[in-house]
There are 4 protein chains.
Amino acid sequence: MHLNQMFNLRIEELMNAGRELHAQGWVPATSGNFSARVDERTIAITVSGRHKGRLNPQDIMCIDYQGQSLDGKKPSAETALHTQIYSHFPKANVVLHPHSPAATAISRRLHGRLILENYELLKALSGIKTHEARVGIPIFQNDQNIPRLAEEVAAYIKEYPDLKGYLIAGHGFYTWGETIEDALRHVEALEFLFEQELLSLRISHP
Amino acid sequence: MHLNQMFNLRIEELMNAGRELHAQGWVPATSGNFSARVDERTIAITVSGRHKGRLNPQDIMCIDYQGQSLDGKKPSAETALHTQIYSHFPKANVVLHPHSPAATAISRRLHGRLILENYELLKALSGIKTHEARVGIPIFQNDQNIPRLAEEVAAYIKEYPDLKGYLIAGHGFYTWGETIEDALRHVEALEFLFEQELLSLRISHP
Amino acid sequence: MHLNQMFNLRIEELMNAGRELHAQGWVPATSGNFSARVDERTIAITVSGRHKGRLNPQDIMCIDYQGQSLDGKKPSAETALHTQIYSHFPKANVVLHPHSPAATAISRRLHGRLILENYELLKALSGIKTHEARVGIPIFQNDQNIPRLAEEVAAYIKEYPDLKGYLIAGHGFYTWGETIEDALRHVEALEFLFEQELLSLRISHP
Amino acid sequence: MHLNQMFNLRIEELMNAGRELHAQGWVPATSGNFSARVDERTIAITVSGRHKGRLNPQDIMCIDYQGQSLDGKKPSAETALHTQIYSHFPKANVVLHPHSPAATAISRRLHGRLILENYELLKALSGIKTHEARVGIPIFQNDQNIPRLAEEVAAYIKEYPDLKGYLIAGHGFYTWGETIEDALRHVEALEFLFEQELLSLRISHP
């Protein structure tokens with residue numbers, strides 16, 4: 001497929017994803033950002049500061065795998081977190097960073113690592129075949145120094161190479177997939193599971 | 001009605017049900033599965049692993065009453081739970097398995113059997129004429145061994161033949177009806193009641 | 001306006017109200033019922049057992065002010081609660097009975113009378129001019145004997161003739177207005193306030 | 001731009017904002033009110049008592065910067081709170097006052113001043129560049145005497161001139177922006193943050 005065709009397809013996929021996630025309240029205000037591989041030299045990514053529920057084609061730009069703008073636009077401040085995922089996970093073609101309420105709440109309440117277990121819905125995460133799995137979702141401290149945050153993520157991936165997503169405290173979560181459908185499925189599954197964990201906290205902890 | 005016509009009708013009913021349930025957040029990611037009788041030899045059922053909010057006609061396949069694929073596609077892993085319901089309840093023509101948040105949360109918190117009482121909405125369940133009814137909803141442990149899980153369900157039905165639906169821990173619930181409208185009404189009523197029970201837990205239990 | 005024209009207008013108003021209330025989750029399954037004055041001899045009311053989110057014109061029927069069917073259809077089991085409101089409140093032209101989650105939860109948790117105060121939104125209730133008002137919403141025990149329930153409501157109205165709405169335990173609430181807009185405004189305001197009261201309970205009562 | 005053109009643009013912006021906010025449940029019943037600068041002598045503002053989710057062009061009127069009606073219609077009772085914002089914040093061109101559930105609940109529970117910190121979403125508020133900011137949102141007592149309430153707000157702004165929005169107890173919140181998009185972004189961000197604060201209270205405070 002020609003680069004332009006592929007870029008146009010990615011634009012449409014990310015615009016639709018934004019509308020869908022915003023309708024759920026998962027990218028409030030200008031929070032969140034999305035990206036997708038276009039070819040071996042180009043990534044499509046949302047421009048910094050745009051409203052994800054009302055994306056226009058011009059709100060999605062091109063960067064290279066070092067995170068440099070290829071079209072003069074300014075990419076999301078968190079671009080390095082996206083390029084890192086493409087570099088560590090060759091099969092990841094789409095990265096979504098929602099800023100959803102349950103993710104945000106649980107990321108502020110817990111520290112270190114959230115363990116998800118005894119959920120049938122774990123099977124919605126690529127590679128998980130049984131609800132008897134234990135899936136760890138790390139919670140990183142929020143940091144405006146993105147390279148430093150990326151280093152923490154890298155260290156974690158080195159230890160746990162089958163990572164499915166991660167939380168940043170007070171700042172939503174990152175997840176990814178081979179296709180836009182896979183990435184959206186991960187978003188739906190993880191936010192649902194974070195909400196369940198939050199309900200458990202609210203019931204169990206006076 | 002000709003088999004093909006009936007199959008096409010069931011396809012449309014299940015696709016619409018999927019869209020409606022997904023819009024409520026009741027079949028997140030690829031969770032849940034649906035089926036409906038087509039004729040005395042054929043059941044329509046959702047193909048394994050499809051997103052229930054975006055079902056296409058090819059995501060719905062045909063099986064026989066032993067759960068064997070009739071068209072080469074792979075049915076839901078939980079097919080035996082569907083065929084079991086058709087075998088025990090001759091009037092059930094549609095089976096819906098949503099994976100909704102309140103059902104999931106209550107199924108993880110409680111054990112054994114949830115008793116629903118003092119709800120006017122119990123009258124939305126087929127055969128219930130007064131809010132003074134007590135309706136028991138069993139909670140089965142989740143199990144990837146579906147035949148074993150089906151046996152537990154069978155034992156329960158033997159004891160309580162007027163079963164209206166059941167929960168599986170961390171895995172949503174099953175309910176059914178004579179028509180798609182009946183089955184959807186049961187889904188709406190039960191998820192509403194599970195949410196009420198969950199609110200009670202959150203208020204009463206420190 | 002000719003009776004038929006007025007009846008058709010009421011049909012449209014109640015169908016739209018049903019769609020709107022169902023979209024919010026306020027008339028799950030076949031719960032709730034609605035009515036509106038057509039003329040001095042006729043009331044339009046929802047037929048028993050219909051789904052309020054998918055009302056067709058034939059789901060709305062005519063009764064007289066004694067609650068007798070004028071067209072052979074079977075009206076809602078709670079018809080006497082509607083006719084009572086028209087008889088006590090000459091200005092009420094529309095009665096809505098939603099079965100919403102916060103109303104249901106608060107009606108099961110509290111007894112006697114809920115006092116709403118210090119809410120700006122009280123001003124959305126007809127006749128209330130300041131948030132310094134105290135608005136009492138009685139909670140009646142649920143009863144399948146509707147004439148007996150209607151008597152309890154009548155006794156309450158005699159004592160508190162400025163009633164704006166009432167709860168029935170485990171069974172949603174009734175409210176009314178001069179126009180469909182007024183009645184819907186009361187529904188929106190009351191369900192919002194019930195949700196606020198529920199949040200207070202959940203925060204304050206361990 | 002000609003006054004009429006600008007007024008028509010503002011009408012459209014405020015009608016769309018109303019539909020969007022109502023769809024989220026943030027302006028229930030006839031609560032809330034909105035305004036926008038038209039030119040140096042004219043402000044567009046919602047007429048008193050209209051439903052914000054179903055605004056028609058005639059539900060938006062013109063006032064001057066003293067809050068006097070320019071077209072004979074009756075403006076919102078809280079007009080003085082709008083004109084005050086335009087007078088204190090020269091860059092504010094749009095003022096939105098939603099009456100959303102989390103804002104209302106938190107405003108009834110807390111007193112004085114809510115401090116928002118450790119939220120990435122603070123960066124959605126104009127002028128905030130890091131989640132390490134601390135943003136104070138004052139909570140004023142509700143008052144039907146709007147000039148008196150405006151004086152309290154004025155005293156607060158004098159002390160904290162970088163105010164981004166404020167709560168009124170049991171009465172939602174006010175926020176503003178340079179454009180309708182900015183003001184809506186502030187609404188989305190603040191209601192999200194109020195909901196997070198409410199969740200914290202429900203988890204931490206028995």
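The values are calculated or read from the model by the stated rules, or taken from the named source; none is laboratory data. Model, not experiment: these values are computed from the prediction. Here the Cβ is made from the backbone with ideal geometry for all residues, glycine too, and neighbour counts use every protein chain on show. Only protein heavy atoms, including side chains, enter the accessible area calculation; ligands, DNA and RNA are left aside. Shrake-Rupley method; radii C 1.70, N 1.55, O 1.52, S 1.80 Å.
For B:GLU159, the label point sits 7 Å beyond Cα toward Cβ; its separations from the matching points on the remaining copies run 4.6, 4.6, 6.5 nm, from shortest to longest.
Spin-label pair C:ASP39-D:ASN118: with each label point 7 Å from Cα along the Cα-Cβ axis, the two points sit 6.8 nm from one another.
In order along the range C:83-100, the phi-based Karplus estimate (6.51 cos²θ - 1.76 cosθ + 1.60, θ = phi - 60°) of 3J(HN,Hα) comes to 4, 4, 5, 4, 6, 7, 10, x, 7, 6, 10, 9, 10, 10, 10, x, 10, 8 Hz; Gly and Pro are listed as x. With its label point put 7 Å out from Cα toward Cβ, C:GLU117 sits 3.6, 3.6, 5.1 nm from the same residue's point in the other copies, in order from shortest. Counting every Cα pair in chain A, what percent are over 25 Å apart? So the portion of pairs separated by more than 25 Å is 33 percent. A P(r) calculated from all alpha carbon pairs of the range B:121-199, with 10 Å bins opening at zero, reads 17, 49, 31, 3 percent. Against the criterion of solvent-accessible heavy-atom surface with a 1.4 angstrom probe, B:TYR65, C:TYR166 sort, most first, into B:TYR65, C:TYR166.
Across every direction, the projection of the convex hull enclosing the Cα atoms of the range A:78-181 has a mean area of 6.4 nm². Given a cut-off of 18 Å, name the pairs among C:LYS91/C:LYS164; B:LYS74/B:LYS164; A:LYS123/A:LYS158 whose C-alpha atoms lie farther apart than that in the structure shown. Long pairs (Cα-Cα over 18 Å): B:LYS74/B:LYS164; A:LYS123/A:LYS158.
Computed with a 1.4 Å probe over protein heavy atoms only, the accessible area of B:ARG185 comes to about 40 Å².
Could you give me D for the range D:63-111, from Stokes-Einstein at 4 °C and 1.567 mPa s, where the hydrodynamic radius is the Kirkwood radius over C-alpha pairs? Units µm² s⁻¹, please. It diffuses with D of about 102 µm²/s by this estimate. Does a label point 7 Å from the Cα of A:THR179, set along Cα-to-beta-carbon, have any residues of the range A:84-109 with amide nitrogen under 13 Å, and which are they? Residues A:93-94 fall inside that zone.
Normalised by residue count, the range D:1-96 yields a Cα convex hull volume of 88 Å³ per residue. Residue ranges A:146-154, D:191-199 sort as D:191-199, A:146-154 when ordered by packing (mean number of other C-beta atoms within 10 Å per residue, highest first). Converting the Cα gyration tensor eigenvalues of the protein assembly as shown into ellipsoid dimensions via √(5λ) gives semi-axes, longest first, of 40, 40, 25 Å. The shape of the range D:89-149 comes out oblate: with a ≥ b ≥ c from the C-alpha gyration tensor, a/c is at least 1.5 while a/b does not beat b/c. Using a cutoff of 8 angstrom between alpha carbon atoms and counting only pairs six or more residues apart, the relative contact order for the range C:1-159 works out to 18 percent.
3J(HN,Hα) along the range A:155-172, derived from phi through the Karplus expression 6.51 cos²θ - 1.76 cosθ + 1.60 where θ = phi - 60°, amounts to 4, 5, 4, 4, 7, 10, x, 9, 4, 10, x, 8, 9, 10, 4, x, 8, x Hz, with x in place of Gly and Pro. From helices alone, the protein assembly as shown scores -12500 deg cm²/dmol at 222 nm; the rule is -39500 (n - 2.57) for each run of n ≥ 4 DSSP H residues, then divide by the residue total. The interface between chain B and chain C buries about 2000 Å² of solvent-accessible area in total (1.4 Å probe, ligands and nucleic acids excluded).
Distances between placed amide hydrogens fall under 5 Å for A:ASN33 paired with A:HIS97, all partners being 5 or more residues away or on another chain. Other protein chain C-beta atoms within 10 Å of residue C-beta, averaged over D:181-188: 3.
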